[in-house]
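The values are calculated or read from the model by the stated rules, or taken from the named source; none is laboratory data. Just so we're clear, the structure is a prediction, and the values are computed from it rather than from any experiment. Glycine also receives a Cβ, built like all others from the backbone with ideal geometry; neighbour counts cover every protein chain displayed.
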Amino acid sequence: MAFQSANIFVNLPIKDLNKTVDFFTKLGFEFNPQFTDEKATCMIIGPNIFAMLLVEQYFQTFIDKEIADSSKTAEVIVALSAESREQVNEIVNKALEAGGKPAKDPIDHGFMYNWSFQDIDNHLWELVYMDPSAIEQG
């Protein structure tokens, strides 16, 4: 049997917890107070999907490597599905208005539409809408 996880936790280093929470709150995300303190917060992305946003010094306690300078390098793109093209545009525009930066221009493949941004810590986020009728049922 193939491995299947019940939950996904993406861990990202951040510089300022309050500014990061404010940024993602403006995008419509909520946080689990049970897993929030002065060093970290748990951002709820979906029923089983979370981003652990960890202040850099705390993040460093989990790794033996250097923290990547996300203003110069990329290690991951967090891609989230959206319900419509309009929702893709809405969330990316909110991110840009809240202090995020553009990453790539929108890409329209007809059946799939995506647009990406950098958050205030330069992590890459991409919103993707795929037309359900274009997905093979099988």
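Might you let me know whether region 84-98 holds any residue that is at pLDDT 95 or above, in contact with a helix residue (DSSP H, G or I) (Cβ under 8 Å, 6 or more places away or on another chain) and part of a strand (DSSP E or B)? No, that holds for no residue.
If only one of Met43, Met1 is surrounded by fewer than 17 Cβ atoms within 10 Å (Cβ to Cβ) and free of Cβ contacts under 8 Å to residues at least 60 places away in the same chain, which one is it?
Only one candidate passes the filter, namely Met1.
Scanning region 120-137 for residues that are buried (at least 17 other Cβ atoms within 10 Å of the Cβ), of a type outside the set (Val, Ile, Thr) and out of contact with any strand residue (DSSP E or B) (no Cβ under 6 Å at 6 or more places or on another chain) yields a single hit, Asn122. Out of all the residues in region 27-56, which are part of a loop (DSSP other than H, G, I, E, B) and of a type outside the set (Ser, Thr, Tyr)? Result: Leu27, Gly28, Phe29, Asp37, Glu38, Lys39, Pro47, Asn48. Please verify whether Phe59 is in a helix (DSSP H, G or I) and surrounded by 15 or more Cβ atoms within 10 Å (Cβ to Cβ), treating the condition exactly as stated. Spelling it out, Phe59 is indeed in a helix (DSSP H, G or I) and surrounded by 15 or more Cβ atoms within 10 Å (Cβ to Cβ).
Residue-level check: of (1) touching a strand residue (DSSP E or B) at 6+ places or on another chain (Cβ under 6 Å); (2) surrounded by fewer than 16 Cβ atoms within 10 Å (Cβ to Cβ); (3) under 15 Å from Val10 (Cα atoms); (4) at pLDDT 95 or above, Ala74 misses just (4). In region 113-135, the residues that are on the phi > 0 side of the Ramachandran plot reach residues that are outside any loop (DSSP other than H, G, I, E, B) with C-beta atoms within less than 8 angstrom, at least six apart or across chains, in these pairs: Asn122/Lys101.
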